[in-house]
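Some notes on the structure that comes next.
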Number of protein chains: 4
Amino acid sequence: MNDVFDSLQALIGQPLADSPSPLGRWLGGVLRAAEPGSISMAYTVRAEMTNPAGVLHGGMIASMMDELIGMTVVATTGRYHASVNLAVDFLSSARVGDVVICTTRIVRQGRQIVHAEASLTTEGGKLIARATSNLLARDG
Amino acid sequence: MNDVFDSLQALIGQPLADSPSPLGRWLGGVLRAAEPGSISMAYTVRAEMTNPAGVLHGGMIASMMDELIGMTVVATTGRYHASVNLAVDFLSSARVGDVVICTTRIVRQGRQIVHAEASLTTEGGKLIARATSNLLARDG
Amino acid sequence: MNDVFDSLQALIGQPLADSPSPLGRWLGGVLRAAEPGSISMAYTVRAEMTNPAGVLHGGMIASMMDELIGMTVVATTGRYHASVNLAVDFLSSARVGDVVICTTRIVRQGRQIVHAEASLTTEGGKLIARATSNLLARDG
Amino acid sequence: MNDVFDSLQALIGQPLADSPSPLGRWLGGVLRAAEPGSISMAYTVRAEMTNPAGVLHGGMIASMMDELIGMTVVATTGRYHASVNLAVDFLSSARVGDVVICTTRIVRQGRQIVHAEASLTTEGGKLIARATSNLLARDG
């Protein structure tokens, strides 16, 4: 386990108020678990995160997943990566006030490309969405 | 052209302050163009929309695209649809203060599935991202 | 377990010479495992399945996955479904003569949309590719 | 226009019998058009390319698109690239004996990542499928 994960584990149960990600701070996740290759974060669905049907917006689902995948990859590899693509499948819905859990996993850590996945579930374990992403290491 | 698009066209150049989408209102887009099958919206990149690299967050790109595709589909078909999936490819970046233009197009309007795409460009026409999405008609 | 899976399990270890899928017969898979929601099939990489780099062609990877996902969905649900989309991520390569194992899993079985995934590995367990797919139930 | 495209244009109207791609030869496409950034190829649907529903198999659609995108990228850039991902959306169907036209376009040619798309249509212009792909330049 590297120093970054030592630091992250000290923050479990807390909102990441000092996240270097402005959108990450706005999303307001609370860290649940962190180890090299995987991070879990809990988000509470706020009204401004919803769509006209009153449910968690697909773009917010994508935001939670893209944010947490990026954090997992930089924390695990120590290198900044840019997302090449993000493919999200929407399976169920969440409503205002629901707590949703985003969990990431690095599937393959290549020298240039990292392939990762994320899931979003309710506290009860119902699957809301899944995503896969490819990220490219940025040099320098 | 249906009544919905008559109404939308009257709003060109204005922020959609009365959008039924809470996230849509938070994104704060200004309508640029609207016709059946295609809508364009301009968004100004705010600090809270960025990632740790200081550029427009991939999740915000996905949010703009998912929001505007959904609006285009409901306005064009008159039926609510749920996103089945959203696949985003990230091609370039935008910074705080940049105005980015999201433009949608319905590629195939089926009875059950609508297939649509979106692009995000700078004012100058540089391509920032593209997405495709499949949406399922919800009955009732 | 339904009758279809009883029949499939009797075929484990055999090539599916009577598959109703012409491309499935051409791919020449040998059934490894079958239960509701998941099927595994072994394919031997032939020269005509390769690309100019001499490795298993991405299109063949997609073919094995799309074929086996379709078989899993019809066997599990008893209803014919059409693929809405297939998203494949390529992680490693296989060469002529290699045996590759495709394994599917239905992630969510909805009334209209089934969401499924597939992986392709070598005999030794090295991950070659992954895919996700959404399929739409066809009535009558 | 580079030498590769001079050579390709001399082959318009012919099957690419000497393609360095074994699967490409098996698919049996006839070149329709070729310019830097875009190639069109006509394929005739054979029985062994179909699924149990008697229509062109999704995996064959993916094969045509992945094959032709790869050819377009190597011919345009002069460098071999590996597919990182391929996302296919299925919009309509084709039957045995139909001639289908696959057309590619490089959307963004980066130093490391090329982003490309492909469409598959009938001779009459009906859209059968679309795909996007990201490819990574391989050094050496």
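The values are calculated or read from the model by the stated rules, or taken from the named source; none is laboratory data. All of these numbers come straight from a predicted model, not from anything done at the bench. Every residue, glycine as well, gets a Cβ built from its backbone with ideal geometry; the counts of neighbours run over all protein chains shown. Accessible surface is based on the protein model in full, side chains and every heavy atom, while ligands, DNA and RNA are left aside. Shrake-Rupley method; radii C 1.70, N 1.55, O 1.52, S 1.80 Å.
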Relative to the isolated chain, which residues of region D:84-117 have their accessible area cut by 30 Å² or more in the presence of all protein chains (1.4 Å probe, heavy atoms, no ligands or nucleic acids)? D:V84, D:N85, D:L86, D:V88, D:D89, D:F90, D:L91, D:V107, D:R108, D:Q112, D:I113, D:H115
Under the Karplus relation with 6.51, -1.76 and 1.60 and θ = phi - 60°, whole-Hz ³J(HN,Hα) for region C:28-38, x at Gly and Pro, equal x, x, 10, 5, 10, 7, 7, 8, x, x, 7
Run through the other copies and list how far each one's label point is from that of B:G13, in nm with one decimal, shortest first; the point sits 7 Å from Cα along Cα-Cβ. 5.5, 5.7, 7.8
Hey, what did chain C get for relative contact order, percent, Cα under 8 Å, at least 6 apart? 22
How far apart, in nanometres, would the label points at C:A47 and C:V4 be if each is projected 7 angstrom from Cα along the Cα-to-Cβ direction? 3.8
homo-copy label distances at C:R111 (7 angstrom along Cα-Cβ), nm, one dp, ascending, are 1.7, 5.3, 5.4
One can check that the equivalent ellipsoid of region A:2-137, built from the alpha-carbon gyration tensor with semi-axes equal to the square roots of five times its eigenvalues, has lengths in Å, largest first, of 23, 17, 12
In the C-D interface, the accessible area buried, summed over both sides, Å² (probe 1.4 Å): 2200
With a 1.4 Å probe on protein heavy atoms only, tell me which residues of region C:47-66 lose at least 40 Å² of accessible surface in the complex relative to the chain by itself. C:E48, C:P52, C:H57, C:D66
On the rotation axis linking copies C and A, which residue of C comes nearest by its Cβ, and by how many whole Å? C:A87, 2
Is it possible to state the helix-based mean residue ellipticity at 222 nm for chain D, with each DSSP H run of 4+ residues giving -39500 (n - 2.57), the sum divided by total residues, to the nearest 500 deg cm²/dmol? What is it? -7000 deg cm²/dmol
Calculate the length of the line joining the C-alpha centroid of region C:5-62 to that of region A:30-83, in whole Å. 36
Shortest-first nm distances, B:K126 label point to equivalent points in other copies (7 Å, Cα→Cβ): 4.0, 4.3, 4.3
So the angle from the long Cα axis of helix D:58-77 to the longest Cα principal axis of chain D, reported in degrees to the nearest 10, equals 20
Which percent of the accessible area of the protein assembly as shown is formed by carbon and sulfur heavy atoms (probe 1.4 angstrom)? 49
Given labels modelled 7 Å from the Cα in the Cβ direction, how far is it in nm from C:Y80 to C:L11? 1.7
